[in-house]
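The values are calculated or read from the model by the stated rules, or taken from the named source; none is laboratory data. Model, not experiment: these values are computed from the prediction. As a convention, Cβ positions derive from the backbone with ideal geometry for all residues, glycine included, and neighbour counts pool all protein chains shown. Side chains are part of the model used for accessible areas, which takes the heavy atoms of the whole protein and leaves out ligands, DNA and RNA. Shrake-Rupley method; radii C 1.70, N 1.55, O 1.52, S 1.80 Å.
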Amino acid sequence: MEAIDLKGRKALVIGVANADSLAWWAAKHIRGAGADLAMTYLNDKAMPYVAPLAAELGAEILLPCDVNVPGQLEAVFEEIKAKWGRIDVIFHAIAWARKEDLHGRLTDCSADGFAESMIISCHSFIRMARLAEPLMIQGGTLLTLSYYGAEKVVDHYNVMGPVKAALEASVRYLAHELGPKGIRVNAISAGPIRTRAASGIDHFDELIAEAAAKAPLRRTVDACEVGRVSVLLASDYATSITGEIVHADAGFHVAGMVLH
Ligand code: NAD
């Protein structure tokens with residue numbers, strides 16, 4: 001009998017805000033497969049929500065990490081180096097945009113707002129890859145989360161569309177650059193799921209309904225399913241997969257003109 005086994009692997013999950021977070025479900029499944037876990041929380045306000053979740057999974061490392069605060073991301077990797085001496089799996093699940101950019105047209109997005117969203121939602125993944133590289137001494141896996149709005153226009157996704165497109169392109173370039181060191185880089189393009197970040201997108205319920213109606217499986221996906229895909233991609237069952245955008249969306253991305 002075969003089962004996915006991450007025993008002894010060291011995993012860092014960034015992006016847990018609460019029990020709805022896609023990062024939380026990834027953390028649960030990665031830990032469930034036997035990996036040792038490091039987690040972060042955004043700030044003091046987020047800590048009371050994240051700390052009990054980290055305790056529930058027996059996370060060995062729990063540190064604050066706002067990628068906008070100089071030194072905090074670096075401190076997380078320093079702690080990982082001191083405690084574990086290496087890292088095997090990184091799960092990046094963070095995204096942010098100014099309210100006016102998330103609700104407004106891309107046409108009207110300011111340079112500052114665009115840059116800020118890009119730095120937090122995309123460049124933070126590149127930074128994590130750079131910090132992880134010397135610690136992935138046995139190779140490793142970098143994972144991030146994207147959405148269909150990177151590929152095609154999705155009403156109300158606005159600035160996050162081009163930001164996720166940049167993130168997906170970064171996955172391919174990082175995979176190319178880090179592949180020779182045995183480091184695999186992939187994104188999971190998840191179907192729409194109700195989370196705190198998703199609640200900032202206008203007409204999200206309509207988006208979910210449309211996805212369920214058009215997807216080949218005629219339903220949406222849940223966070224648990226996305227978490228399971230993260231374990232698969234982190235595992236030795238996926239050693240041949242890198243530079244890939246894996247769709248965990250009930251097949252929605254293949255639906256073209258679907259008549260109801
Ligand atoms: P969430 O609100 O639970 O998670 C978003 C996380 O981003 C939070 O933990 C928040 O603290 C973190 N974050 C924001 N700014 C940060 C900063 N400056 N530094 C560090 N962390 C910061 O929502 P979620 O839906 O689980 O989002 C996780 C990822 O999944 C995002 O990249 C999102 O775009 C992506 N995604 C979500 C969906 C969906 O429908 N929910 C679909 C596809 C992709």
**Request:** Report the full-extension gain for the segment residue 138 to residue 152: residue separation times 0.36 nm, less the Cα-Cα distance, to one decimal in nm.
**Result:** 1.4 nm
**Prompt:** How many nm is it between the label spots at residue 260 and residue 224, if each spot is 7 Å from the Cα in line with the beta carbon?
**Reply:** 2.7
**Complete:** Rounded to whole Å², per residue accessible area for the chain with a 1.4 Å probe reads 47
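What trypsin sites (Lys or Arg not before Pro) does the range 211-248 have in DSSP loop regions with at most 15 other beta carbons within 10 Å? Please report the intermediate quantities before stating the final value.
Numbers: sites: 214, 218, 219, 228; in loops: 218, 219.
Passing both the DSSP loop test and the Cβ count: 218, 219.
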**Item:** Centre separation in Å (Cα based) which lies between the range 117-131 and the range 151-204
**Value:** 12
**Complete:** Per the rule of 0.36 nm per residue minus the C-alpha distance, extending residue 202 to residue 110 adds in nm 31.2 nm
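Express the carbon and sulfur contribution to the solvent-accessible surface of the range 130-260 as a percent, rounded to the nearest whole number, probe 1.4 angstrom.
Looking at the range 130-260 in its full context, I get 55 percent from C and S.
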**Prompt:** Three principal axis extents, largest first, for the C-alpha atoms of the range 206-260, in Å?
**Reply:** 41, 21, 15
**Message:** Sequence gap at least 6, Cα distance under 8 Å: using those rules, report the relative contact order of the chain to the nearest whole percent.
**Reply:** 20
**Item:** Spherically averaged projected area of the chain from its Cα convex hull (nm²)
**Value:** 14.1
**Request:** For the range 9-118, give the percent of accessible area contributed by carbon and sulfur heavy atoms, probe 1.4 Å, rounded to a whole number.
**Result:** 53
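Using the per-residue mean of other Cβ atoms lying within 10 Å as a proxy for protection, in what order, highest first, do the peptides 87-96, 132-141 fall? Write out the running numbers ahead of the final one.
Details: 87-96: 25.2, 132-141: 18.3.
Highest mean packing first, the order is 87-96, 132-141.
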**Request:** At 0.36 nm per residue, minus the direct Cα-Cα distance, what do residue 103 and residue 45 gain on full extension? Give it in nm, one decimal, please.
**Result:** 18.4 nm
